[in-house]
Structure formats: C-alpha cells, structure tokens
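All of the numbers you see were taken from the coordinates with simple rules; none came from a lab. This one's a predicted model, so the numbers in the text were calculated from it and none came from an experiment. Backbone-built Cβ (ideal geometry, glycine too); neighbour counts: all protein chains shown.
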Amino acid sequence: MARFKLCIEYAGTRYSGWQIQENARTVQGEIERCLRSAAGSGEFELYGSGRTDAGVHALEQVAHLDLSTSFPPDTLRRRLNDALPSDIHVLSIEPVPRRFHARHDAVARSYLYQISRRRTAFAKSLVWWIKDDLDLARLREAGTRFVGMHDYQSFTDADERETSTRVAVERVEVAEDGDLVLIRIEGSHFLWKMVRRMVGVMADVARGGLTAGDVERFLHERSNRPAELTAPASGLFLERVYYPGDQRRAPLRGTVEVRFPR
C-alpha cells in the first residue's frame, strides 16, 4: 500500500465541513465515495490536514491517502475529478514517503477571509458583504493585537478534541483588492470557529464599535462578545497548509471568482 499527498480545492457552501459526519454531506465523504469507483478499490484510508467548518471553502486543503492502486497518480487524479461534484477538485496527487502525515507534519496554516464592500449578485457564497464603512487602519491595528501566543478561549466553543486553547498566531495581514477587503491569518493551528470570531471582532473595531484594546481584553479574560460577532462562513477560505521547506508569504489577493472591476 502506497501513500499519496492530495491537494484539494472546494467550495464549502453545500457541505457540513471537511470531516466525515454521520447523516451529513461532507467534503471528505464525497471524496471517499468517489475514490471507491475511481481507484477500483474500497480499501484505503484518507486523512485531512484539519477540519474546516460547515460552509467554509478551501483553496488548498491537504490530505494523505493510503491506497494500493495500479494507476499512475495523474491518471488517478483525472479519474477522481471525473467522479467528483463540480464544487470539489483535486489539484494534485503525488507519492510521498510513508512517514508523511498531512496533519502532524504541518508547521503552519493560513486562512483568507474576503469582505465585500459592495453588494454582489454572483459571489454571495464567497464573501461577507458589510454595508458599513470600514476603517482599514483600525482593522489593521486590531489584527496586530492577535499576533503572538495567546489563549483563545473566548474565540472558540468547547471541543473535547482540543487539549489547549493556546495558539500561536504568526501573522495577520490586511489588503485591498478592488471592492474586496482581504484578511490573511497565519498560525500554528486554529481552533473551532476561531478565525471567524477573530474576523468578526476585527470588523467591529473597523466599524467603530469595539477598540483594539478590547481585543487584548478578550485574549486575557473570558468573554461571550467574540461569539456574538462570529463572521459568516461564506467569506472564509483555508488558503494554504505549510510543511517544512515550503515558501511563505505569497501576495495577498482575492479569489479569481470574486475580484470585481475597478
């Protein structure tokens, strides 16, 4: 049995997240269903680099696949894509050493959040439309307060699979791309709903509600306010999963589908 690394993009709108769940349609579930016919074998194991919440998208989710197959990797990729729904696409399949693990070997992850400053007829499922004016200087200042090792207990719900709520956030970037405001958050790992609550708090600071000082307060004492401000799943993308040797800091720009004319 060989091990393969899969890079996968998907629109998460129709799915209850990445991870297989009972009585729910998930991205992993669709891939496993299609693998049975595409690979010609029902004996395989698929592991993702991590979960994404219901409605969240991925520009490059990573998984590893243990499978015995006579198909070359690119033939397997084409067969799998032919069987998959149009909103899931396997970008690449490559053989990797058996010791490679999609989750445990990851050294960092980055998420991209897209805020639209105008109403859009075509990209509602890919952005968060905010009608209010946003002060980008305040948005950036709020983002800087998250950088470092902090306790994110106010930014997640109880999850028995998490042993700690402390997370190292390495970078928070803010940029403009036409009518989009883009937020990239990069860190060691992320808790359930954490990124969406970070973005929700940042957006409220940019609106003039909260202050950057409130961000620090939420990181030092328990508060329900971040949960009340949770940003919609529609604007969130798992952008990249990093492994040792990967190059960081690609230019920050919106996804092709929702870049608006200037």
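Provide the packing ranking of 190-196, 97-103, 53-59, 165-171, i.e. peptides ordered by the mean count of other C-beta atoms within 10 Å per residue, highest first.
Descending mean neighbour count gives 190-196, 53-59, 165-171, 97-103.
With viscosity set to 1.002 mPa s at 20 °C, what whole-number translational diffusion coefficient in µm²/s follows for the chain from Stokes-Einstein and a Kirkwood radius over Cα pairs?
Reported coefficient: 111 µm²/s.
Which residues' amide hydrogens lie under 5 Å from the amide hydrogen of THR165, considering only partners 5 or more residues apart or on another chain, with H built in the peptide plane?
Close amide H contacts, sequence-distant or interchain: none at all.
Peptides 70-83, 229-242: what's the order by average Cβ count within 10 Å, highest mean first?
229-242, 70-83
For LYS131, list the aspartates and glutamates whose Cα falls under 19 Å from its own Cα; do not include residues on the same chain fewer than 8 positions away.
Of all the aspartates and glutamates, those that pass the test against LYS131 - Cα under 19 Å, at least 8 places apart if same chain - are GLU176, ASP177, ASP179, ASP204, GLU228.
Tell me, what ³J(HN,Hα) does each residue in the stretch 182-193 have, in order and in whole Hz, if you take phi through Karplus 6.51 cos²θ - 1.76 cosθ + 1.60 with θ = phi - 60° and put x for Gly and Pro?
Result, ordered by residue: 10, 10, 10, 10, 10, x, 5, 6, 9, 8, 4, 6 Hz.
Which whole number in µm²/s is D for the stretch 1-113 by Stokes-Einstein, with the Kirkwood Rh taken over Cα pairs at 20 °C and 1.002 mPa s?
152
Given the chain, what percent of its DSSP beta bridges are antiparallel, to the nearest 5?
Bridges in the chain are about 90 percent antiparallel.
If one computes the Cα centroid of the stretch 85-130 and of the stretch 183-225, what distance in Å separates the two points?
21
At q = 0.11, 0.12, 0.15, 0.20 Å⁻¹, work out log10 I(q)/I(0) for the stretch 180-262 with the Debye formula, treating every Cα as an identical point scatterer and leaving solvent out; two decimals please.
One equal scatterer on each Cα of the stretch 180-262 leads to -0.38, -0.45, -0.68, -1.07.
Along the Cα-to-Cβ line of GLU176, 7 Å from the Cα, sits a label point; which residues in the stretch 104-145 have backbone N less than 11 Å from it?
Residues passing the 11 Å test: 134-137.
Angle between the Cα long axis of helix 27-38 and the longest principal axis of the chain, 0 to 90 degrees, nearest 10?
Result, in degrees: 20.
With equal scatterers on the alpha carbons only and no solvent term, can you work out the Debye log10 of I(q)/I(0) for the stretch 88-192 at 0.12, 0.22, 0.23 1/Å?
The Cα Debye sum returns log10 ratios of -0.59, -1.21, -1.23.
By how many degrees, 0 to 90 and rounded to 10, does the Cα axis of helix 194-207 deviate from the longest principal axis of the chain?
Helix 194-207 and the main axis of the chain meet at about 30 degrees.
Can you give the FRET efficiency to the nearest 0.05 for ALA2 and THR211, using r as the Cβ-Cβ distance and R₀ = 45 Å?
Calculated value: 0.25.
The stretch 64-105: percent of C-alpha pairs farther apart than 12 Å?
65
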